Each structure stands twice: as C-alpha cells, then as structure tokens.
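So that we are looking at the same thing, I have put the structure below in structure tokens.
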Amino acid sequence: MEFPNISNILSKSLTQSLFPSGYELTPDLNDFYELEIAFYEKQILSDDELLKNGGYFLRVNNQYTRHFRMCMGESLKLPAHSSARLKSFFEKNLFRTGYATHGLFPYRGKFHPQMIKGLINIMGLKPGDTIVDPMMGSGTVMVEASLMGISSVGIDTSPFCILMTQTKIDALTMSLTRVKKALDNYMEVFDYFEKKTRGRGVKKKTSYNLSANNSLSVMEDAAQYITKQTRGRLTKQQKETLDTYNFLLLAYLDSVGYSERSQRKTPVDLFKAILERYIFVAEKIQNVIAGMEKDLAVSKVIEADARNLPLDDSTVDGIIFSPPYSFAIDYIENDSFHLDFLGVDTGSLREKMIGLRGKTLSEKFYLYKTDMEKVISECSRVLRKGRICTIIVGTNNNQLGKALKKAPDEVPGLHELLIEMGSKLGFRLIKMMSRPIMGISNTMRKEYILMLQKY
Ligand SMILES: C[S@@+](CC[C@H](N)C(=O)[O-])C[C@H]1O[C@@H](n2cnc3c(N)ncnc32)[C@H](O)[C@@H]1O
C-alpha cells in the first residue's frame, strides 16, 4: 500500500473538510455536538437563511452573519469602568450566551442560547412558524425565536419565570430612557423595592439601611399595571412604564439574590452594577436590531401547567423544552426570595411543580414519571404531524439511585425514560446528541438532546 500523504491530509482542518471555503464557524466551539449542529444547519438552511438565522456561523460566503453582529454589537463597547470579571465573562461566552437579553438574569438550569438557535434551525422551523416551550424557565427559547421571526408561546407555572421571560422579551425593544434615568437615582430605586420587601415581610439574609427620603411616583403608577389581565390593553405610555418597572424589579431581585451569595459588595452597589450591565446588554442588542424591529416575532408568555397546555390540538410547529431533572433542583427554594416578593403562595405552587411533588424520594420519582407522561402526551396532542419535539435532559443517576435503592450505574437515565414515554405517545426518536455539563456539581455530567418526531 502506498504511504499516505500525511502532510497533505493534516494540512486541512476538520472544519475545512466539512464546510466550503468562505464559511467560518463561531470561535471556541469545543464540543462535538456543536460541530454536529453546525453541520446540520449548513445542510438544512440556504445561505440566506444561514446569514439571517444561523447559530454557529461567523461568516457565510465571506459575509458576516447576523449572529456575529448580535454577539459583537455594532458600535457599542463595554463601558471603560466595567470590572475585569465582567469583561472576561463577555469575552468567553460571547457567542454562546453573552448576547441579546439572555444575560439579564442568571437562572439556574438555563439553556445555552446558541444551541437553541441551532436546534430551532435543524428542527426545520422558519419565520412565521410557531414554537412552544411548555417549561420555559427564563425564556431562552422565546428570546431566540423572537429574534428569528418565529412566533412563540412560553409556559411556566412559576410567576417569577413569567416576570423574567416577559422582561427579557420586552427589553429587546423597550425604550431605555427611563431605566437610564433610574440608574442616576439608583439609591432611591433600590430603597423603593427594599421598602416593598419589608412591607411584605419577605425574609432576607442581608440587611440594608434605608435612606430617609424616597418617593418614586413612577413606580407606584407602574405597580398598578402589573396584572396579566390588563397587559394587552395598556396605552403605549403605560406599557413603557410597566416595562421600566419590570426591568428595574428584575435587576433588584438579581442584586438581592447575588448579595446573599457574595459579600463582596453592598446590596445597593450590586444593584447599581447589575442595572448598568442590564442597560448595557439591552442597548447592545437594540443597536443591532434597530430598523428591523418589525422582523421580530410575537412571543406570548402564559402562566399555566405543562400537564394541561392551553393550546388547541395540532396547532404547533415545534416544541423545545428542558424539564426539571427529576428532583435535582428545588426551583421554589432557589427562587424563594423572588417568589415571596411577588406575593406567591409557594405552598400551592409546590403542588404544581414537577419534580417537587411528593414526600419521600420514591414517591417523588413516581410522581415525576406520571407528570412527565402527561407533559409528553400534551406535547404530542398540540404538535402537528411530522414536526419535532426536542427535549433536553441531564442525567441524575446519583439521586435516582437513592430513590430506587440501586447503584447509580444501575438506574435508567432520565433520557431513556423520556424516549420510552415518547414512543408510547406518538413520537419516534430521530436524533440523539449528548453534551457535557460544566460547572454543576458532579451529580450531573451529561445532558442529552432528544429529537422526537410526531408520527
Ligand atoms: C430546567 S427549567 C427550564 C429552564 C429553561 N429551559 C431556561 O432556558 O431557562 C424547568 C422549568 O420547569 C418549570 N416547571 C415545573 N413544573 C412545571 C409545570 N407543571 N408546568 C410548567 N412548568 C413547570 C419550572 O418552573 C422551571 O422553570
């Protein structure tokens, strides 16, 4: 056999072999699944579609993609006084998570936005279609879909998730004039929310001395509009007031949560830093989409139960969601300050939250399975035939092993359970990819992306 021309073979990178010249991937793609999604995007999308909505390309046919522009921002740079930590966060995660309004609240268990964009593409969804996330959490799917011109419906049982998601969507287009003014008066704004916290008897670990004088009538006005019923009927000015209020409230809740974990800054200084970052993030994406606002699609955010979706049969073109990983994260405990602030009855919310129902571990696991069966059955009901439901779920074998009194390597993976449920409820698995999970304790090491087609 002739000796292969090694230098020739090795001179071409894998990506050069996979993609024609003039196509450049976003930097720092380290995982195999990322390369896979990029490869499928190139197969499924036209060049124009890749330029507009592709998630993994920096350049297509030698032109910069919209994803590249969203991540880099146009003329805007980080403010000179930003901390080194903030700068390095932005640099490292620029193309994966550090764009659009995704950074507005660090919700635990949040999707990688770039992955969601790629998945929406390889599920064959196009502008004008409708996608649903029945357990939307912080609304990553809604923000991505809106930017791609794909209508979306986001559902969650947690009122805090409703606030987070709605704010991230509104921040794509809202006027930032008033939040910038509020930044000049950040101490008064912080005091306003602190007073509300105390008035409601919400428990907090950190303490803070209120300033004597504080009356922000804007806030009082806004507080009146915060009912879901009236939202659609607000005048332009009322809507702007509500958007401003929600934006400031989310920054406040973020800063209090943060100050309970880290003592490095006072809560009010954290509030200022977080609000500055929020404004920076919103301004950056607004600069990129300026003039294209009409291309954004409508996102509807609904407080409801994924086991009983408020949607008609066969009306949806795609579904993406990530269920709780059985009982790995207690979302109510995590968000207790935020839920208390919003006046939520956490006892009755717990009854609806999948993964939190039940007393003993084995009862919890049993209820988790029956609840997830209902969710998948609902997904099958609302999805159009031939369309795809993508579920992203991690392994949680250590906790499951305890529940089932088995060794961790003997318990079935959650992904296997969900595939089996899907196969009984009208779905066929057409693709499975896995991705490593970084930064979470080693009870979860892998996450699976399951693409189920409705037949
Ligand atoms: C893993 S998180 C989703 C995170 C989301 N993918 C994101 O990007 O932020 C799971 C979500 O399921 C929600 N959830 C739990 N039980 C639910 C139910 N019965 N109906 C709807 N949502 C529920 C929780 O509130 C939580 O936000």
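Mind checking which pairs have a first residue in the stretch 304-331 that is basic (Lys, Arg) and a second that is within 11 Å of the ligand (Cβ to nearest atom), Cβ under 7 Å, 6 or more apart or different chains?
Listed by first residue and then by second, the contacts come to 307/371; 307/374; 307/375; 307/378.
Further, regarding this structure: Could you check residue 250 against (1) more than 16 Å from the ligand (Cβ to nearest atom); (2) at pLDDT 95 or above; (3) hydrophobic (A, V, I, L, M, F, W, C); (4) out of contact with any strand residue (DSSP E or B) (no Cβ under 7 Å at 6 or more places or on another chain) and say which number it fails?
(1)
Another question about this same structure. For residue 108, only one of the following conditions fails: (1) more than 12 Å from the ligand (Cβ to nearest atom); (2) among the charged types (D, E, K, R); (3) outside any helix (DSSP H, G or I). What is its number?
If we test residue 108 against (1) more than 12 Å from the ligand (Cβ to nearest atom); (2) among the charged types (D, E, K, R); (3) outside any helix (DSSP H, G or I), just (1) comes out false.
Ok, one more. Cβ contacts < 7 Å: first residue over 18 Å from residue 118 (Cβ atoms), restricted to the stretch 136-158; second residue near the ligand (Cβ under 7 Å from one of its atoms) and of a type in the set (Ser, Thr, Tyr), any location; separation 6+ or different chain. Result?
137/107; 138/107; 158/331
Right, next: Residues that are more than 29 Å from residue 35 (Cβ to Cβ) and either touching a helix residue (DSSP H, G or I) at 6+ places or on another chain (Cβ under 6 Å) or within 10 Å of the ligand (Cβ to nearest atom) (or both), at least 3 per element: which helices (runs of 4 or more DSSP H) completely within the stretch 112-206 meet that?
Once the helices (runs of 4 or more DSSP H) in the stretch 112-206 are filtered for at least 3 residues that are more than 29 Å from residue 35 (Cβ to Cβ) and either touching a helix residue (DSSP H, G or I) at 6+ places or on another chain (Cβ under 6 Å) or within 10 Å of the ligand (Cβ to nearest atom) (or both), what remains is 159-170, 177-184, 186-199.
Would you check if there is a residue in the stretch 416-433 being of a type in the set (Asp, Glu) and either surrounded by fewer than 14 Cβ atoms within 10 Å (Cβ to Cβ) or part of a helix (DSSP H, G or I) (or both)?
The answer is yes, given that some residue of the stretch 416-433 is of a type in the set (Asp, Glu) and either surrounded by fewer than 14 Cβ atoms within 10 Å (Cβ to Cβ) or part of a helix (DSSP H, G or I) (or both).
Then there is this: Can you find, within the stretch 283-308, the residue that is nearest to residue 169 (Cα to Cα) among those that are modelled with pLDDT under 95 and among the small types (Gly, Ala, Ser)?
Checked the stretch 283-308; the qualifying residue nearest to residue 169 (Cα to Cα) is 290.
So, one more: Name the single residue that is surrounded by the fewest Cβ atoms within 10 Å (Cβ to Cβ) among those in the stretch 340-391 being among the hydroxyl-bearing types (Ser, Thr, Tyr), farther than 19 Å from residue 425 by Cα and within 13 Å of the ligand (Cβ to nearest atom).
348
Now a separate question. If I ask for residues that are farther than 25 Å from residue 135 by Cα, modelled with pLDDT of 65 or more and not in a loop (DSSP other than H, G, I, E, B), which ones from the stretch 84-105 would you list?
Scanning the stretch 84-105 gives a single hit, 84.
Quick one: how many residues across the stretch 305-339 are buried (at least 17 other Cβ atoms within 10 Å of the Cβ) and either over 29 Å from residue 401 (Cβ atoms) or near the ligand (Cβ under 10 Å from one of its atoms) (or both)?
23
Could you check the stretch 11-63 for helices (runs of 4 or more DSSP H) lying wholly inside it with 1 or more residues that are closer than 23 Å to residue 98 by Cα?
Passing ranges, in order: 32-44, 47-53.
Quick test for you: out of 153, 143, pick the one residue that is within 12 Å of the chain's Cα centre (by Cα) and in the same structural domain as residue 376 (by TED's automatic domain parsing).
It is 143.
The values are calculated or read from the model by the stated rules, or taken from the named source; none is laboratory data. Note that the structure is a prediction, hence the values are computed from the model and not measured. FYI the Cβ positions are ideal-geometry reconstructions off the backbone, even for glycines, and counts take in every protein chain you see.
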